[in-house]
Structures are given as structure tokens and as C-alpha cells.
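Peer 1: Can you keep this structure in mind? I'll have questions shortly.
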Amino acid sequence: MIIPQLPSERLLFSTVRIKVALADGNEGIGTGFFFRYSAGDDKSVPVIITNRHVAANARAASFQLHKAIMVNNISQPSGEFFTVSVSNFSTQCIMHPQVDICAMPINLLLIEAKERAKSEIYYVALDESILPTSQKLEELGAIEEIVMAGYPIGLWDQANNMPIVRRGITAVHPALDFCGRAEGVIDAACYPGCSGSPILVLNEGNYQTKTGMIIGGARIILLGVLYGGPEFTIEGEIIATNIPMRTIPTAQMRLPMSLGFYVKAREIITLGDIVKRCVLPQRGD
């Protein structure tokens, strides 16, 4: 098992495969990622962020998690992993009221891991330090390379419990709200199972700014959360649809366009405000 050092290696331990049991008896696959909200005074609220449509109507969910070991008082991945299930998944999630994202506090997962697997979970949480300000987005170019990590058509490295990582580019300038909504667009193939994937600008070694300056060092910016993409019908009508979770063959007359829509990162901040109101004691309580 690798010990993550580079940002790209750390990303491998940030995502989690979510297998949901739906109320209608079907199953689906989605992607989630660990995120840590700051709560002040060295406190934080760790959550798993995914799409609202992944959690909706899910009566249960199972998570494939890495087992942690302590080496010189430092948590590291052991190379072993285990599955933890959560009942009433949809009600465990805190939903964003306007856009297609939600968050599940991971306290229940931590408890289940200790009780059932007798283990701590190893994960690398993304955090607010990599969420871009409006100014940071304006400093980006119209065409930036992006990476996304997830589980397309349910695929993953089963032997090592690792996601599939792919590259693409921004299809709309990251500083612009696509069609006036809190959304962006990427040029990348987006398949069932990728719902909830983090979309990141990730550079290692050095990168070039839009003014032509070469900057040494790594850069990681969380642009948002993948939720869907446009398709066109055989008749030529273009429609936007959520990326489905079911991966069984189905007959359909819609063709994907190798584009993806993502909820912009500022909505992760909005969701965090809701999460903290829900899980943290309020003054006067």
C-alpha cells in the first residue's frame, strides 16, 4: 500500500465508493469524498459530501473504507479495508436546499468502524483551504486541466480499494456561472457512478498562470462537485440530466455528450453553514 505524499496520491484516499440500496429495491453506485469543515477553536466537522440525488430514496448505504494503522504515532493506510453499512442513509444526510449536494457527518461511520471492524478509518479529508474565492477563480484561465476521482460504471481498483482518476478540461471559464446558475462545465466523460466526484484543478511540480508566469510548487483547487451532464436525444433535443447510479444495461434513446455539470465550490460553503447549525451546539443550548 502506498503512503500518500503528493496531492494526487492523497486524493486517492479522499474519495469513497457509496453503494446504496434504494427504496424501490434497486441498487446504485455513487461517489463521495471526505471533507472537513472548520468549527473554530481547533474543532472541525468531518463529513462525506455527495449528490443529493445519490442519497435521496436510499434506505441504506455501504462504504468501502481503509483500515488505519499507527506508525510512530502517525496514522497510515494499512493496505486492508472493510465495509461499513449505514441504515436510513437519506435521513442521515444534510441536504442543500437549492443545489444537488448533501453531506453526511461521519461520526456514525467512525463508531461503526470501531465496533464492527475494531479499527480506525484512514482517510484524507479535503478542506476549506482549497475552496477558491471569486478572485482566485478569476486568476484561472478559460481552459484549465482538471482531474476527477470516482467510480465510473461502478469500476474501482477492488484489490486496493482505489478510485479511478481521469483528466479533462474546463469547458466554461471557472469564474463564470453557467447559464446564471451556481454551476460549471467540464469536458470529460461522465458515467454512472461518478455522481458526487470532486472536480479539481491539480498541478504538481509547477504550473503556469494566465499571465504566463511559471510558479513552482503544487496547486490544488476544488472547483466543485459533479452532478450531471447534457445528453441529446436521437431527435436532436439537448437535455440536462443527473448522472444515474444504476449501471445495469437499459434501452434508451439518449446519447451523452462527454460533458459534465458540477455544483460550484461556494455551495459547499453554504452547505457547511447548514451542517454546523445541525450538528454543533448553539449558543444558549
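Peer 1: Just to verify a result, which residue in region 6-20, among those that are under 14 Å from the mean Cα position of the chain (by Cα) and part of a helix (DSSP H, G or I), is surrounded by the most Cβ atoms within 10 Å (Cβ to Cβ)?
Peer 2: Of everything passing the filter in region 6-20, Leu11 is surrounded by the most Cβ atoms within 10 Å (Cβ to Cβ).
Peer 1: Check region 21-38 and report whether any residue there is in contact with a helix residue (DSSP H, G or I) (Cβ under 7 Å, 6 or more places away or on another chain), closer than 24 Å to Tyr191 by Cβ and assigned to a helix (DSSP H, G or I).
Peer 2: Scanning region 21-38, I find no residue that is in contact with a helix residue (DSSP H, G or I) (Cβ under 7 Å, 6 or more places away or on another chain), closer than 24 Å to Tyr191 by Cβ and assigned to a helix (DSSP H, G or I), so the answer is no.
Peer 1: Sticking with this one: So Thr50 passes all but one of these: (1) free of Cβ contacts under 8 Å to residues at least 40 places away in the same chain; (2) closer than 24 Å to Leu280 by Cα. Which condition number does it fail?
Peer 2: The single condition Thr50 does not satisfy is (1).
Peer 1: Which of (1) under 20 Å from Ser8 (Cα atoms); (2) buried (at least 20 other Cβ atoms within 10 Å of the Cβ); (3) over 16 Å from the mean Cα position of the chain (by Cα) does Phe89 not meet, given it meets every other one?
Peer 2: Exception for Phe89: condition (1).
Peer 1: Filter region 135-160 for residues that are under 21 Å from the mean Cα position of the chain (by Cα) and among the small types (Gly, Ala, Ser); which is surrounded by the fewest Cβ atoms within 10 Å (Cβ to Cβ)?
Peer 2: Gly154
Here is a yes/no grid of residues against (1) at pLDDT 95 or above; (2) surrounded by fewer than 21 Cβ atoms within 10 Å (Cβ to Cβ); (3) in contact with a strand residue (DSSP E or B) (Cβ under 9 Å, 6 or more places away or on another chain):
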residue: Ser197; (1), (2), (3): yes, no, yes
residue: Gly217; (1), (2), (3): no, yes, yes
residue: Leu222; (1), (2), (3): yes, no, yes
residue: Val225; (1), (2), (3): yes, no, yes
residue: Thr233; (1), (2), (3): no, yes, yes
residue: Ile243; (1), (2), (3): no, no, yes
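Peer 1: Which residue pairs have Cβ atoms closer than 6 Å, lie 6 or more positions apart in sequence or on different chains, and pair a first residue in region 166-191 that is farther than 24 Å from Gln135 by Cβ and at pLDDT 95 or above with a second residue that is part of a strand (DSSP E or B) and of a type in the set (Ser, Thr, Tyr)?
Peer 2: Hits for this filter: zero, empty list.
Peer 1: Go through (1) within 16 Å of the chain's Cα centre (by Cα); (2) surrounded by fewer than 15 Cβ atoms within 10 Å (Cβ to Cβ); (3) not in a strand (DSSP E or B) and name the single condition Arg167 misses.
Peer 2: It is condition (3) that Arg167 fails.
Peer 1: Is there a residue in region 128-146 that is free of Cβ contacts under 8 Å to residues at least 12 places away in the same chain and among the hydroxyl-bearing types (Ser, Thr, Tyr)?
Peer 2: Yes, because at least one residue in region 128-146 is free of Cβ contacts under 8 Å to residues at least 12 places away in the same chain and among the hydroxyl-bearing types (Ser, Thr, Tyr).
Peer 1: Still on this structure: So which residues in region 252-267 are touching a strand residue (DSSP E or B) at 6+ places or on another chain (Cβ under 7 Å) and either at pLDDT 95 or above or crowded, with 19+ Cβ neighbours inside 10 Å (or both)?
Peer 2: Of everything in region 252-267, those that are touching a strand residue (DSSP E or B) at 6+ places or on another chain (Cβ under 7 Å) and either at pLDDT 95 or above or crowded, with 19+ Cβ neighbours inside 10 Å (or both) turn out to be Leu259, Gly260, Phe261, Tyr262, Val263, Lys264, Ala265.
Peer 1: I would also like to ask the following. Are any residues in region 69-86 polar (S, T, N, Q) and either surrounded by 13 or more Cβ atoms within 10 Å (Cβ to Cβ) or under 19 Å from Phe34 (Cα atoms) (or both), and if so, which ones?
Peer 2: Ser75, Gln76, Ser78, Thr83, Ser85
The values are calculated or read from the model by the stated rules, or taken from the named source; none is laboratory data. This is a predicted model, so every value here is computed, not measured. We place every Cβ from the backbone using ideal geometry, glycine too, and count neighbours over all the protein chains shown.
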